[in-house]
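Taking it in order: structure first as structure tokens, then the write-up.
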Amino acid sequence: MGFPATYLSPKEFLMFRCALALMISLLASPALALPAPMDKSDLVAVVRVLSVSCTTVTKDDKSGEDLPAYLAKVRLIDVKKGDAKKGDEVLVTWRAIPKDIVGPWAVYYYPGEVVLTHLVKRSGGVSYGSTWWNAKGDDVKAPENTDLPETPGQTFTAPQEPEDQHPL
């Protein structure tokens, strides 16, 4: 006596098992995995975030919340795609989003963090932005903290590492 055999005919039970197996295989399929945003990226690289500056703060029209905009200076550690070379430094920009927005739509970068990221050139070609909300992979090296500057002109710098120090 067990479910569903006691309530279904053998034919219905077989159909139930086939439907269940199909559902499980569809849910477990790699086709449902979220693809990396590499196809739209101009630059895919492992980067070390050297500094993050607050460039401006604007009031959101709907929430009234003060939202900072940021500029990060990152050093390329390993380039997977793009014209830049290992050791190059590029600028990455983004804007904070209101706290009541559902979803991780903004990609934040933190001083000292080492991470694989997917970037697209901004118009004008001076800086980059994240390709999409999933443009940043897991940290290769997590930052010591996730504090960001909140006042325009304020910059937080990564702690120095041996590769950042240059002999005289």
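The values are calculated or read from the model by the stated rules, or taken from the named source; none is laboratory data. Since the structure is predicted, the reported quantities are computational estimates derived from the model, not experimental observations. A quick note on method: Cβ atoms are made from the backbone with ideal geometry, for glycine too, and the neighbour counts reach across all protein chains shown.
Hey, any hits in the range 126-138 for a residue that's assigned to a loop (DSSP other than H, G, I, E, B), more than 28 Å from Gln160 (Cα to Cα) and without any contact (Cβ under 8 Å) to a residue 60 or more places away in the chain?
Yes, that holds for at least one residue.
For residues in the range 69-108 being surrounded by 12 or more Cβ atoms within 10 Å (Cβ to Cβ) and without any contact (Cβ under 8 Å) to a residue 24 or more places away in the chain, which is farthest from Val49 (Cα to Cα)?
Ile101
Can you name the residue in the range 50-68 that is aliphatic (A, V, I, L, M) and under 12 Å from Thr155 (Cα atoms) and is also surrounded by the most Cβ atoms within 10 Å (Cβ to Cβ) among such residues?
Val52
Hey, could you check the range 129-139 for residues that are more than 12 Å from Val44 (Cβ to Cβ) and surrounded by 14 or more Cβ atoms within 10 Å (Cβ to Cβ) and say which is nearest to the chain's Cα centre (by Cα)?
Among them, the one singled out is Asn134.
Step by step: first the residues of the range 109-128, then only those that are of a type outside the set (D, E, K, R) and surrounded by fewer than 18 Cβ atoms within 10 Å (Cβ to Cβ), then the one that is nearest to Lys40 (Cα to Cα). Which residue is that?
Among those that are of a type outside the set (D, E, K, R) and surrounded by fewer than 18 Cβ atoms within 10 Å (Cβ to Cβ), it is Val120.
Which condition number in (1) in contact with an Asp or Glu (Cβ under 7 Å, 6 or more places away or on another chain); (2) under 19 Å from Leu50 (Cβ atoms) is the one that Pro149 fails?
Result: Pro149 passes all but (1).
Give me the residue from the range 144-168 that is outside any loop (DSSP other than H, G, I, E, B) and at pLDDT below 95 and, out of that set, surrounded by the fewest Cβ atoms within 10 Å (Cβ to Cβ).
Pro162
Under 26 Å from Thr157 (Cβ atoms), charged (D, E, K, R), within 16 Å of the chain's Cα centre (by Cα) and modelled with pLDDT of 95 or more: does that describe Arg75?
no
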